[in-house]
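Just below is one structure, and these are the notes that go with it.
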Amino acid sequence: MIQSGHRVGNKNFERIAKDYNTLPVKPTLESEPCYEQHPVEHSFKKGVFKAFHLRQRAYWSLFAGGFGFTYGANGIWQMDKPGKIDKQSHHNFYWYDALHFEGAKQMNFVRKLIESRPFLFPERIPDQSLLLSENDGIEGPVQCSRANDYSFIMAYSTTRSNFKLDLSKFAANELIAWWYNPRDGKLSTAKGNSTNKPFENSVKNEVTEFDPPGIPGKDNDWILIIDDASKSYPPPGTAEIK
C-alpha cells in the first residue's frame, strides 16, 4: 500500500507503477490519497482538495496498475460533530455533511467504468507506451490502460489537453471510441453533449490525436475508451462484465 498524501502534484501513478513492475507482481493499492476538502499540506491558507483531485488520483492509480483505490474525506476521518471537534486546525465539515461530498458520489462512476470492461480474460494492464504526447506537468499526465489482447484501451486525460495514442497494435478491422465524463458518469459527443453512442465509429489503426470535449483546464478531465467493435462491449459505465 502507498500513501500519496496531502500535497498538490503528488504523482501516485509513479509509485504504483514501480510496485506493479516489481517481480513477482504483487497487488498494490493507494491507501491514503489527498482527502476531499482536506487542507493542502494541512493548511487552509493553501486551499483544499476538491473532487477533481480525488478523481485524478483514482484514475491515475487504477490505470497505472493499482487493484483498487481508497477514497478519503475531511470531516469523515475525525468524525467531527457539534460539541466534539478534536482538531480545530482541520475542521471545516461535520461528518454527516461530509457524507455528501461531490467526489464521494463520483467514485461510483469510477467503479462502473472499470466493471464495464473485463479485468481478466482478457486482463487489463497498464501501458504508457501507447501515449506519444509529452506527459509532464503537475496536473497534465495522461494515464493509459488496455486489455492484453488489445480489445480495448482506456486513457485518462486530467486537463482536456489534446494527446496522441499509438493504435497500430490493434488488429481489429473496426475500432469505435467513446468519451466518458468522470464527473457525471455519462458518455459524451466530441462537442460535450450527452449521448449513448460512440463519438467515433471508424478510428484507424495508426497514430491518432484525440481532442477531449470542452476547454482545457483543471476540472475538465475525461476518459477515452477505444474498443474493438467486434467484441460488442456495452457502452462504458453502463453494464458489469461478468
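The values are calculated or read from the model by the stated rules, or taken from the named source; none is laboratory data. Nothing here was measured: the structure is a model prediction, and the numbers come from that model. Note that we place each Cβ from the backbone using ideal geometry, even for glycine, and neighbour counts take in every protein chain shown.
Condition check: over 17 Å from residue 19 (Cβ atoms), at pLDDT 95 or above, in contact with a helix residue (DSSP H, G or I) (Cβ under 8 Å, 6 or more places away or on another chain) and in a loop (DSSP other than H, G, I, E, B). Does residue 59 satisfy that?
So residue 59 fails the test.
Among the numbered criteria (1) surrounded by 18 or more Cβ atoms within 10 Å (Cβ to Cβ); (2) modelled with pLDDT under 95, which single criterion is violated by residue 191?
Residue 191 satisfies every listed condition except (1).
On the given criteria, is residue 15 in contact (Cβ under 8 Å) with a residue 40 or more places away in the chain, crowded, with 16+ Cβ neighbours inside 10 Å and within 30 Å of residue 150 (Cβ to Cβ)?
Taking the combined requirement at face value, the residue does not satisfy it.
State the number of residues belonging to the stretch 65-101 that are on the phi > 0 side of the Ramachandran plot and aliphatic (A, V, I, L, M).
1
For the stretch 31-51, does any single residue satisfy the condition of being surrounded by 17 or more Cβ atoms within 10 Å (Cβ to Cβ), modelled with pLDDT of 95 or more and touching a Ser or Thr at 6+ places or on another chain (Cβ under 6 Å)?
yes
Condition first: under 17 Å from the mean Cα position of the chain (by Cα), of a type in the set (S, T, N, Q) and either at pLDDT 90 or above or more than 19 Å from residue 35 (Cβ to Cβ) (or both). Now tell me which residues in the stretch 4-21 satisfy that.
4, 12
Answer with yes or no whether residue 104 is within 19 Å of residue 182 (Cα to Cα) and either within 14 Å of the chain's Cα centre (by Cα) or outside the structural domain of residue 221 (by TED's automatic domain parsing) (or both).
Judged against the criteria, residue 104 is a match.
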